[in-house]
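I have placed the structure first, in the form of structure tokens, so that the comments after it can refer back to it.
The values are calculated or read from the model by the stated rules, or taken from the named source; none is laboratory data. Note that the structure is predicted; figures quoted are calculated from it, not measured. Here the Cβ is made from the backbone with ideal geometry for all residues, glycine too, and neighbour counts use every protein chain on show.
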Amino acid sequence: GESVGLHLPTLSVQEGDNSIINCAYSNSASDYFIWYKQESGKGPQFIIDIRSNMDKRQGQRVTVLLNKTVKHLSLQIAATQPGDSAVYFCAERGSGGSNYKLTFGKGTLLTVNP
Amino acid sequence: GAGVSQTPSNKVTEKGKYVELRCDPISGHTALYWYRQSLGQGPEFLIYFQGTGAADDSGLPNDRFFAVRPEGSVSTLKIQRTERGDSAVYLCASSLRPGQPQHFGDGTRLSIL
């Protein structure tokens, strides 16, 4: 079946360090993945996405890596700041006729210590 | 505002009551989605609208849940005979077209006593 999960439920880092958040997915037919950031009391905020025909995509301080061989996705945050503290979700978009439906994992809580 | 707006932000009601949750999508977005998020979990898909029609309501848990989008913009999620297990954050998202990045509102936190 389709599922998206995360290896680590919590991650604590020092300000200025780099953070890596991991995600495993099971549907090899998925063609699009998104990382969302969710702060307490807020809705998920789009961070970065990647299509399955890519293995790396960079944004501002963030990089997403996709390894289709092992069905693994990661989000790297450079020079982590206190404002990065939040829950991070990876989401998988359905393929074909279900390309509107997002399936989310449980999330990783990132805590940045000053 | 420029983002997805959801009202109310919080709703507390008694078991058995009827509730309506409202979503104002980003102007011009044709696709609208409802998700439900339980504590400590990721959002779970409920229903998807393309324009005025519900293109996929497979995520609605049972027939107590219903959603409408009569003019292709604002949507209302309706829950009848609420149960304590309905307590969750109900999130709405919209996208310019299906398959494009979804932008979420801050949700309605529903508490059933």
**Study point:** strands (runs of 3 or more DSSP E) fully within chain B counting 1 or more residues that are within 20 Å of residue A:94 (Cβ to Cβ)
**Key:** B:31-37, B:44-50, B:53-56, B:65-68, B:88-95
Check your understanding: (1) free of Cβ contacts under 8 Å to residues at least 40 places away in the same chain; (2) closer than 16 Å to residue A:104 by Cα: which one isn't true of residue B:65, the others all being true?
Key -> (2)
Check your understanding: When residues of region A:64-88 are filtered for being touching a residue at least 60 places away in the same chain (Cβ under 8 Å) and surrounded by 16 or more Cβ atoms within 10 Å (Cβ to Cβ), how many remain?
Key -> 3
Practice item. Within region B:59-109, track down each residue that is within 14 Å of another protein chain (Cβ to nearest Cβ) and hydrophobic (A, V, I, L, M, F, W, C). Key: B:60, B:88, B:89, B:91, B:92, B:93, B:96, B:104
Exercise for review: Kindly check whether there is at least one residue in region A:54-71 that is within 13 Å of chain B (Cβ to nearest Cβ) and polar (S, T, N, Q).
Suggested key: no
Practice item. Can you run down the residue pairs with Cβ atoms below 6 Å, 6 or more apart or on separate chains, where the first is in region A:95-108 and at the interface with chain B (Cβ under 7 Å from one of its Cβ atoms) and the partner is in a loop (DSSP other than H, G, I, E, B) and of a type in the set (A, V, I, L, M)? Key: A:105/A:6; A:106/A:6
Review point. Scanning region A:34-46 for residues that are more than 10 Å from every other protein chain (Cβ to nearest Cβ) and modelled with pLDDT of 95 or more, which turns out nearest to the chain's Cα centre (by Cα)?
Key: A:35
